[in-house]
Structures are given as structure tokens and as C-alpha cells.
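First up is the structure itself, then whatever we jot down about it.
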Amino acid sequence: MNFAVLALGFAFDLVASAAFLWVGMKVASFVAGIPAGGQYCGYVDLLKVALAASVAALVPYVGWALSFVVMYYMLRRVTEAGLREILIMIVVSRIAAILTVTYLVAAL
């Protein structure tokens, strides 16, 4: 695989993961009943979580599954959220990011 395509895919995955992780956090806070404007952590922490998950996704063959595990572990460390809220954040962010990156890279 060409390094430029790999780097571009990584960059898209990082940006999409961070953005969709923020959306997932907002959905999870709505489900948990946190008032509007409330959040579990800051955007910098979400960017760190997305970076770790995107790096884990680069591992051949098992990266997609490893990224879910890494994201769960990192979210557990940086937030006070419960299991249900963390799972909502992960499902929203990783599925949306994977679909977005797949279609964006395929379009190139």
C-alpha cells in the first residue's frame, strides 16, 4: 500500500473519529439525562482518545477491532461515564468514522 494513501486514510480517520466522538458524547449525555451543554470531558481529551484509536486501527488484520478496545479503555480513563454511555460513544464514533473514511478514500 502506498504510504501517501495510508497517511491520508489515517488523517481522515483521526479527524472523523474526533468529530464523531464529540457527537457520540453529546448523544450519550442526552441519553443519560445530562442537561444541554453538559459533557463528559473536553475536546482535547477526545482528540487524544481518537488519536490512540486511529493508531490502533493501523495494525494489520485486527486493527479495526483493536481500535474499539483502545477507545473503550481511553474513554474509561478520561471520563466519568458509565458503561452504557461509553458504549454509545464508541458505537456512534467508530461506525460513523469507519463508514466516512471508507467512502472518502474509495472516492479518491
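Bear in mind these aren't lab numbers, they're just calculated from the coordinates by the rules spelled out. In this text, all values refer to a predicted model and were calculated from it rather than measured experimentally. All Cβ positions, even for glycine, are placed from backbone atoms using ideal geometry, and neighbour counts span all protein chains on display.
Observations, loosely collected:
- Complete set of residues in the stretch 50-79 that are farther than 17 Å from VAL91 by Cβ and charged (D, E, K, R): ARG77
- Only listed residue being more than 28 Å from VAL5 (Cβ to Cβ), surrounded by fewer than 20 Cβ atoms within 10 Å (Cβ to Cβ) and among the polar types (S, T, N, Q), chosen from THR79, THR100: THR79
- Matching residues, the stretch 2-26, being surrounded by 15 or more Cβ atoms within 10 Å (Cβ to Cβ) and closer than 17 Å to ASP45 by Cβ: LEU14, VAL15, SER17, ALA18, ALA19, PHE20, LEU21, TRP22, GLY24, MET25, LYS26
- Test: residue in the stretch 88-101 that is outside any helix (DSSP H, G or I) and over 11 Å from the mean Cα position of the chain (by Cα): no
- Number of residues in the stretch 70-85 that are over 11 Å from the mean Cα position of the chain (by Cα) and in a helix (DSSP H, G or I) equals 7.
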